[in-house]
Amino acid sequence: MSFATRLTRHPIAYDPDRGAEALAGFPDLAPELRPLIEGSAGCSPYLARLMVQEAEWLTGMLAGTPETAQAGIVAQTQALDGPGLNSGLRQAKRRVALLTALADLGGIWSLEEVTGALTGFADAAVQAALQAHIGTEISRGKLPGMTGEDAAKGAGMVVLAMGKMGAGELNYSSDIDLICLFDETRFDPADEMEARAGFVRATRRITASLSENTAEGYVFRTDLRLRPDASVTPVCISMAAAERYYEAEGRSWERGAYIKARPAAGDIAAGVRFLTTLVPFVWRKHLDFAAIQDTHDMRQRIRSHKRLHGPIALDGHNMKLGPGGIREIEFFAQTRQLVAGGRDPDLRSRETVTALADLAAKGWIGEDVAKDLTGHYRQHREVEHRLQMIADAQTHDLPNTPEGFDRLARFCGAGDTGAFREGLTARLIAVDGLTEPFFTPESRPEVVVELSEAARAIVDRWPGYPALRSARGQEIFAQLKPDLLARFQRAARPDEALGNFDGFLRGLPAGVQLFSLFKANPPLVDLLVDICATAPALARYLSRQSGVLDAVLGGSFFEDWPSQEDLASDLAAQLDGLDYEAQLDAARRWQKEWHFRIGVHHLRGLIDAERAGAQYSALADAVIAALWPVVCADLARRHGPAPGRGGAVLAMGSLGAGRLSAGSDLDLIVIYDAAGVEMTEGRRPLNPRAWFAKATKALITALGAPTAEGKLYEVDMRLRPSGRQGPVASGLAAFRQYQMKEAWIWEHMALTRARPVAGAPDLLADIEAVRRDVLARHPAPGRVLADMAQMRGRVQAAGRAPATGALAVKDGPGGGQDIELLAQAAALCAGDPARDVAGQIAAMPRIGWLTAEEAQSLTATHQLFASLQQATRLLTDRDLDLDEIGMGGCAFLCRAAGVQNIETLTAALDAARAEAARMIGAVLAQEADAPSEEE
């Protein structure tokens, strides 16, 4: 559709004489277009002049569509070269200025279409200048090894568009911010300095072609000062030098600048690779609330430099940098992107309007806030464009005179200047009201807290802790401290809770990021106080893994536990596209967040101990299932793919039974089926036994070795065939042979809990078939119980000293371990495939060991012990000490056991332990004289 049929508005001529004069130059103009030309020229001397200069072209353009005109300008620009380059660029700029102005003023194009057209022309202009001047350097032999064909791709040089150009948001009279880099790997090391000199010359000529103001005008004012350390570096540097700078010295404002960075000309692919290397610099892996203060400080410096402090006064107000202006909206979106974009790539959009929508979709801002700011942003940008169209001036200042406001109002299509001013003032105030509190939260009244002598002694230690060494950390913590102390005073045992917080604070290696997180999110402080008042072990865990607090803000932290498929998909998404070491780190970050979530849910009563054990187990399953193929793929790169059907990981012990606790290690076995393959096919072939031995050791390292993100789990492989003397991985046939002919009774007992968790489905099915075949043999109960009795003695002799005290429920006669051994023995004798303790105890009445009532009682006792053990591991990573866990921890233990106080709990445990010991003793005595036949 043509211009005339798409008009929806037009400006009102402020200077009717100039408008009439412009119309006289277009006698054949369609009537529908006359108000647009008259109003535009009557408000903007600059546009009136362009209409005279480009009258013939404008006549043809108005008869067609703006999109066709835009495509023609870009094509004309791309074809420029040689002596006509500079003049051609300036002519193209005049035409794109006319086109975008009229399409904007006539309501034909949206803001995004206007800024997109200006940016598209800027890209074409920079590319044309780059190709011409790089071509000159190549023809002079100043870029070693390059030919004329390399000029189109910059011979390894890329121009990064920054700021509004990078985001596709150029305004009508924007300058353009560029960073020029070259790919040093395109040159021999001996030629790099000569190439750099050639690129520097080309960059200076590119800048001159674009920004020199000649008799024909200029194209774009060009700013190269966003490059690394601009005061001392040349205008074009190598990508390697830039990477080193950002890695060692990059500042917060540079991180913000790179949100909008985009390769615009030259070697685009090299530019994309470079920006990919900067992802860890720009997008921090943890929520970065310190960016809020950094941005606020930068805003204050800008306002001080420009003298923009104070209340909003419309006359002379800066629409870009002043309160309620365009930059406030951009900073509002950009800072939230920096906070959360490291964890969520969906929040990395360059465009301001898109960023606002994305932030709303992810719950970081309200839908109404995004809608309001988007509307204000578009209207602000229109006013900005009108200000710049009047005289092609790079200005954002509103007029200082009534006449100036009259002109601006008419240019915006408003006939009533007073109403125009009122609407503009209201929008500025609205934006200021929406954005300012984010950067400068309301000051809270100072809280005076009376501390006990013990609490005062704790607080006095804090200045010497690592987290409070930096001035920035001290400053932020000083703002948090009064409210923090007040919250601890409201705990049931304030000094006890404060003491646990002291352990948390003492263990922090640094504080700025975490203190900023707390400052921006008071509910996290409540959670921390809750943890410190109840679970000192979880508080110590937090000091080592404070990044897990990010997950609390993700929106789904308190939702129900996902399905195993969803859990696996979530982890797979975290690992996708990363190299091996990065995958190990990503898996650790992911696991720690979910592990923390289980602990918090358990602590707050959202789940019971049984569900916590199932969730800890499901989490470990997901990690193993994800990392086993990663480990195998890494090994395959050196030694060829896994032979045959590959290997499988078998969970044993507590993981096999699906009831891990917060601090459990993993009992694992690896079984493989080489399917007759004798050697792998790779650069360094291995036989199957050696291949899977390496894979198993790599899995142990992947799970247990400390990386920059810590470790995942301790791994115990001693339940494999032949224990420490056997190979770390067993072939399927050998595993079957061993279980059927050589395994001890205790090994068959352990096998009752075996559960395949990773590997090919058909291989997992065959391993489960071996387990079922073992169970189907029904060994003599007397022999099983005799071996169980010997095993009890060996476990007690080989293990660490048993925990003592009334609340120690794992070791000793009638303890949790005793019950589990009897349950495994029952499952083996009954041939019952149940893996969980309750299911195995249920087999005892069928083989005459217990009555149904006794089995029910023993199950309840084990559940009580397991609940207490699960709660204990959350409270402390050491032997249970009631003084250490305090009253809050004691209350949690009582809640887990369903009793009112520790005295009642102690009595219940003593009675349950005695009754369990009686039942187990009776079963052992009952079968003491039974025949012990060979299998």
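The values are calculated or read from the model by the stated rules, or taken from the named source; none is laboratory data. Since the structure is predicted, the reported quantities are computational estimates derived from the model, not experimental observations. As a convention, Cβ positions derive from the backbone with ideal geometry for all residues, glycine included, and neighbour counts pool all protein chains shown. Note: accessible area is taken over every heavy atom of the protein model, side chains too, but ligands, DNA and RNA are not part of it. Shrake-Rupley method; radii C 1.70, N 1.55, O 1.52, S 1.80 Å.
Before moving on, here are some points about what is shown:
- Nearest 10 degrees, 0 to 90: helix 34-43 Cα axis against the chain principal axis: 90
- Virtual spin-label span in nm between ASN213 and THR5, 7 Å along Cα→Cβ: 4.3
- Rounded to the nearest Hz, the phi-derived 3J(HN,Hα) couplings of segment 647-660 under the Karplus curve 6.51 cos²θ - 1.76 cosθ + 1.60 (θ = phi - 60°) are x, 10, 10, 10, 7, 10, x, 5, 5, x, 7, x, 9, 5, where x marks glycine and proline.
- Net charge contributed by nearby residues that have their C-beta within less than 10 Å of PHE187 (K/R +1, D/E -1): -4
- Take every Cα pair under 8 Å whose residues are at least 6 apart in sequence, average their separation, divide by the length of segment 719-841, and the relative contact order is 29 percent.
- Among 755-762, 277-284, 189-196, the order from most to least packed when residues are scored by Cβ within 10 Å on average: 755-762, 277-284, 189-196
- Scattering curve values for segment 1-63, log₁₀ I(q)/I(0), Debye with Cα scatterers, q = 0.25 Å⁻¹: -1.09
- Where ILE12, ILE237 fall by accessible area, highest first, once all protein chains stay in place (1.4 Å): ILE12, ILE237
- Top positive-direction residue, dipole computed over the chain with Cβ charges, set PRO31, LEU850, ALA195: ALA195
- When you restrict to C-alpha pairs under 8 Å that are six or more residues apart and normalise by the size of the chain, the relative contact order lands at 8 percent.
- Our coupling estimate for segment 92-105, obtained by passing each phi through the Karplus curve with A = 6.51, B = -1.76, C = 1.60 and θ = phi - 60°, is 4, 5, 4, 5, 5, 5, 5, 4, 5, 4, 5, 5, 6, 5 Hz, Gly and Pro reported as x.
- On Cα atoms only, tilt of 852-875 relative to the major axis of the chain in degrees: 40
- Cα-based convex hull, segment 88-149, per residue volume (Å³, whole number): 81
- Within straight-line reach of LYS481, meaning a Cα separation under 17 Å, sit the following lysines at least 8 residues removed in sequence or on another chain: LYS519.
- Amide proton proximity set for VAL715, modelled H, under 5 Å, gap of 5+: LEU666
- For segment 660-764, the per residue solvent-accessible surface stands at 45 Å², with DNA, RNA and ligands left out and a 1.4 Å probe.
- With all protein chains in place and ligands, DNA and RNA left out, the 1.4 Å accessible area ranks HIS376, HIS602 as HIS376, HIS602, largest first.
- Solvent-accessible ranking of SER569, SER252, SER173, largest area first, probe 1.4 Å: SER569, SER252, SER173
- Close amide H pairs (under 5 Å, H built 1.01 Å from N) link TYR672 with ALA648, SER730, GLY731, LEU732, residues at least 5 positions away or on another chain.
- For the chain, the carbon plus sulfur part of the accessible surface works out to 52%, probe radius 1.4 Å.
- Amide H contacts of SER238 (H built 1.01 Å from N, under 5 Å, at least 5 apart or other chain): PHE182
- Rounded to the nearest whole Hz, the Karplus-based 3J(HN,Hα) values (6.51 cos²θ - 1.76 cosθ + 1.60, θ = phi - 60°) of segment 231-242 follow the sequence 6, 10, 9, x, 6, 9, 10, 6, 5, 5, 5, 5, with x at glycine and proline.
- Globularity ratio of the chain, using Cα Rg and 2.2 N^0.38 Å: 1.23
- Taken as Cα centroids, segment 655-695 and segment 590-645 sit 16 Å apart, rounded to the nearest whole angstrom.
- Rounded to the nearest 10 degrees, the inclination of helix 268-277 to the longest alpha-carbon principal axis of the chain is 40 degrees.
- Normalised by residue number, the volume inside the convex hull of the Cα atoms of segment 588-713 is 95 Å³ per residue.
- Set of lysines with alpha-carbon distance to LYS697 below 26 Å, sequence-local pairs under 8 removed: LYS592, LYS711
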